[in-house]
Amino acid sequence: MVEPGAFHYKPQGKLNDFPPEETEKEEARVDEIFVREYRLLKQIFNLKHPTILYPACGFDISLSEVFPDSHTYYVDTDPNAIAALRRAGLPENTTHIILQSAYDFKPPMPIDLVVLRNPTTDKYDIVGLVRGLKAGGYVVESHWGCSGGSRDLLKNLNFNLIGHFIHDKKLGTAFYTNAERISRILSRDKGVISKHAGSGYVFQKK
Ligand SMILES: C[S@@+](CC[C@H](N)C(=O)[O-])C[C@H]1O[C@@H](n2cnc3c(N)ncnc32)[C@H](O)[C@@H]1O
């Protein structure tokens, strides 16, 4: 039988002498679906060394996989994401990793391609995010199957919808350029196109 009060714990050292808990750092990553889209885009539009802006990039470095020699601006407000990108060993002379709100960042050179993937900015002012894009430049936009951003660009007279990526387990990745049909789907839907979740819409600035 255990008597109450029979056991004592005599603290040895201070509480904070415990070894720090191992916390795993989140590292930069490449998304296979995004890579497929960029490869197709590069091929179809003959993009050799586009200057790229990726606002709200998070930990995603897929662009550098396909465009390793391009000047690419990765912009995010999350210090952990920015630190992970800096650890990723991307080419130093062409990769620009910027800790700043995407709405405040002004690209120092004209941009050929803006990529918008699931930004969680407090407002979603898509036109503000594509600032710096030159005439004839492209926007790839995807938002977890929600088409809000794409519909904003569709309504914007400065942009033409030129195509949509569809990923199929069997057929692989395709780029559909039937913009009229896509426009119809986009303007009809109420903001969510679950069938096409994650697939990028491509716009061109007039
Ligand atoms: C869901 S993550 C998407 C990351 C990446 N684009 C992807 O699809 O994997 C959303 C990102 O938006 C970033 N973000 C939120 N507000 C921002 C702002 N004002 N400027 C830049 N980045 C912002 C967050 O820090 C976060 O990394």
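Here are the numbers for the structure shown:
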quantity	calculated
Backbone HN-Hα couplings from phi across the range 97-103 [Karplus 6.51/-1.76/1.60, Hz, Gly and Pro as x]	10, 10, 8, 6, 5, 4, 6
The range 78-85 - phi-based ³J(HN,Hα) in whole Hz, Karplus 6.51/-1.76/1.60, Gly and Pro as x	8, x, 5, 5, 5, 5, 5, 5
Ranked by how many other beta carbons lie within 10 Å on average, peptides 57-64, 88-95 from highest	57-64, 88-95
Cut-off under 5 Å, modelled amide H: who pairs with Gly163 long-range	Val202
Summed side-chain charge close to Leu133 - residues other than Leu133 whose Cβ falls under 10 Å, Lys, Arg +1, Asp, Glu -1	+2
Highest-first arrangement of 122-132, 163-173, where packing means the average Cβ count within 10 Å	122-132, 163-173
Relative contact order for the range 27-205, counting Cα pairs under 8 Å that sit 6 or more residues apart, in percent	20 percent
Around Phe175: net Lys/Arg minus Asp/Glu count, Cβ-Cβ under 13 Å	+1
Taking the C-alpha atoms of the range 27-205, convex hull volume expressed per residue in Å³	112 Å³
Potential extension, Lys169-Glu27 segment - 0.36 nm per residue separation minus Cα distance	48.4 nm
Above-threshold pairs, the threshold being 28 Å between Cα atoms, out of Lys123/Lys205; Lys42/Lys123; Lys48/Lys123; Lys106/Lys169; Lys123/Lys155; Lys42/Lys169	Lys42/Lys123; Lys48/Lys123; Lys106/Lys169
Charge context of Val202, other residues only, Cβ under 9 angstrom, K/R +1, D/E -1	-2
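Read-outs: derived from the displayed coordinates by stated rules, not from any lab. Because the structure is predicted, anything quoted here is derived from the model rather than measured. Note that each Cβ is placed from the backbone with ideal geometry, even for glycine, and that neighbours are counted across all protein chains shown.
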